[in-house]
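Visitor: Take this structure, written in structure tokens, and hold onto it; I'll ask about it next.
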Amino acid sequence: MHHDLDIHPVPCDKEPLFVNEPWLADNSCYPEITKELENFKRQPNPAKDNIRIYVPMDLNREAILHRLNVIISQYGAASERNEMAYSFAVSMLLEQVEIYDQIWFVRHMPKQGKHSAEAAELVRDIIKRLENIEDDCANFFPFEEIRALKTEYEIQ
């Protein structure tokens with residue numbers, strides 16, 4: 001999924017980059033990523049008392065890997081019981097990786113490939129951590145995520 005970003009590089013010490021996808025910071029209102037979210041994310045909640053705020057979120061290698069470590073620590077071994085919630089939490093993190101990738105790709109415009117070198121390196125570390133999750137009879141997680149990442153980032 002590509003995100004609706006302002007592709008003009010903004011130095012991180014000057015002004016923030018706004019991503020109008022509040023579910024990335026707070027998934028409590030969204031039980032799962034669905035097609036409906038594609039349409040909803042651009043529009044504020046229509047409730048009369050709704051106030052949309054923007055919460056700063058740092059997207060850097062250390063912050064993303066820290067979030068992954070917190071998710072792994074929270075869920076522990078992957079099992080049939082927790083794999084849907086586990087997968088959803090990691091999917092949200094991978095959405096953040098996609099934004100990180102898009103920004104670095106535009107900033108450096110690599111001559112080959114469709115991903116930034118920074119994101120490819122980060123994804124390699126994410127895969128290593130996902131591969132080390134203890135398997136307690138999970139059917140799909142983290143296996144599908146690992147396979148998808150390896151395919152997308154052409155990692156052997």
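The values are calculated or read from the model by the stated rules, or taken from the named source; none is laboratory data. Model, not experiment: these values are computed from the prediction. Cβ coordinates were reconstructed from backbone atoms using ideal geometry, including for glycine residues, and neighbour counts include every protein chain displayed.
Visitor: Name the single residue, out of those in segment 101-122 being under 13 Å from the mean Cα position of the chain (by Cα) and crowded, with 20+ Cβ neighbours inside 10 Å, that is farthest from residue 69 (Cα to Cα).
Guide: 101
Visitor: Inside segment 133-143, can you point out the residues that are touching a residue at least 40 places away in the same chain (Cβ under 8 Å) and either surrounded by fewer than 18 Cβ atoms within 10 Å (Cβ to Cβ) or touching a His at 6+ places or on another chain (Cβ under 7 Å) (or both)?
Guide: 134, 135, 136, 137, 139, 140
Visitor: Collect the residues in segment 54-81 that are free of Cβ contacts under 8 Å to residues at least 12 places away in the same chain and under 21 Å from the mean Cα position of the chain (by Cα), keeping them in residue-number order.
Guide: Across segment 54-81, the qualifying residues are 58, 62, 63, 66, 70, 73.
Visitor: Now, a different point. Just checking, does segment 78-87 include any residue being surrounded by fewer than 20 Cβ atoms within 10 Å (Cβ to Cβ) and either aromatic (Phe, Trp, Tyr) or part of a strand (DSSP E or B) (or both)?
Guide: yes
Visitor: Quick one: in segment 94-110, which of the residues that are hydrophobic (A, V, I, L, M, F, W, C) and over 10 Å from residue 122 (Cβ atoms) is modelled with the highest pLDDT?
Guide: Of everything passing the filter in segment 94-110, 94 is modelled with the highest pLDDT.
Visitor: Restricting attention to segment 23-39, does a residue exist that is surrounded by 12 or more Cβ atoms within 10 Å (Cβ to Cβ), modelled with pLDDT of 90 or more and closer than 24 Å to residue 146 by Cβ?
Guide: no
Visitor: Only one residue in 116, 91, 87, 79 is in contact with an Asp or Glu (Cβ under 6 Å, 6 or more places away or on another chain) and over 18 Å from residue 155 (Cα atoms). Which one?
Guide: 79
Visitor: Report yes if residue 128 is in a helix (DSSP H, G or I) and loosely packed, with under 13 Cβ neighbours inside 10 Å, otherwise no.
Guide: So residue 128 passes the test.
Visitor: Any idea how many residues of segment 43-76 are surrounded by 13 or more Cβ atoms within 10 Å (Cβ to Cβ) and part of a loop (DSSP other than H, G, I, E, B)?
Guide: Number of matching residues: 2.
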